[in-house]
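Enquirer: Let me give you the structure first, and then I'll get to my questions.
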Amino acid sequence: MAEMDAKIPYSLNSKKVAEATRSLLKERGVKVEEIAELVMILQKKYYPNLTMEECIQNVDAVLSKREVQNAVLTGIQLDKLAEEGKLISPLQEMLANDEGLYGVDEVLAFSIVNVYGSIGFTNYGYIDKLKPGVLERLNDKTDGDVHTFLDDIVGAVAAAASSRIAHRKQAERELELYGTTEELPKD
């Protein structure tokens, strides 16, 4: 009888998490290509031959990481709850107005940036200050949408993809110089 009462262990379907992540980004009006455009802005100066296809591939690689998916799902859900007025006060007002002293959105973004090392922090800071492309649209407060977390998440994904490119390009240079792939990144 005890065997029948045993709970089935919790198990999360990774494919479901990945699909939910991409679905929520799409629902909120963010395309992978728009994030890739931010990557191009960040990296073109350093890698003039960088293609949009490479940028998209690196954004996809970042979005395939579970830590990133967790941050995307959490941040977007909080934005949606704020839009619906379903958060407690004063959190509701802070998120609905993208309160300048509320820094949890940046802290969540740092969890994404950190996946590919410290170079991502400078990339993130730069793109967050510049706010080009999709970031400018997400920061437009006139449409009534709340993107307190999403704008930082999108910038962080772009910064992480940029860091991934920088690390891979360095490994490629070392391969050319030293003839070994021993240190090439695996992901």
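Enquirer: Stretch Glu106-Ala171 to full length: gain in nm at 0.36 nm per residue minus the Cα-Cα span?
Expert: 20.5 nm
Enquirer: Using just the Cα positions, wrap the chain in a convex hull and report its mean projected area in square nanometres, one decimal place.
Expert: 14.7 nm²
Enquirer: Another one. Just to verify a number: FRET efficiency for Ile8 and Glu33, C-beta to C-beta distance, R0 = 41 Å, to 0.05?
Expert: Efficiency for this residue pair is about 0.55.
Enquirer: Give me the dipole magnitude in Debye, nearest 20, for segment 1-77 about the Cα centre, with unit charges on the beta carbon: positive for Lys and Arg, negative for Asp and Glu.
Expert: For this selection, approximately 120 debye.
Enquirer: To the nearest 20 Debye, how big is the dipole of the chain about its Cα centre, given +1 on the beta carbon of each Lys and Arg and -1 on that of each Asp and Glu?
Expert: The calculation lands at about 320 debye.
Enquirer: I'd like the FRET efficiency for Asn97 and Glu19, computed as 1/(1 + (r/R0)^6) with the beta carbon distance as r and R0 of 25 Å, rounded to 0.05.
Expert: My answer for the efficiency is 0.20.
Enquirer: Turning to a different aspect of this structure: Assuming 0.36 nm per residue, please report the length gained on full extension of the stretch Gln57 to Asp145 beyond their Cα-Cα distance.
Expert: 28.8 nm
Enquirer: Students often forget the sequence filter, so: which lysines lie under 29 Å Cα-Cα from Lys131 once same-chain residues fewer than 8 apart are removed?
Expert: Lys131 reaches Lys26, Lys31, Lys44, Lys45, Lys65, Lys80, Lys86, Lys141, Lys169.
Enquirer: Just need the relative contact order of the chain here, percent rounded to a whole number, with Cα pairs under 8 Å and 6+ apart.
Expert: 27 percent
Taken together, the values in this text are just the output of simple stated rules run on the coordinates, not laboratory data. Computed from a predicted model, the values in this text were never measured in an experiment. FYI the Cβ positions are ideal-geometry reconstructions off the backbone, even for glycines, and counts take in every protein chain you see.
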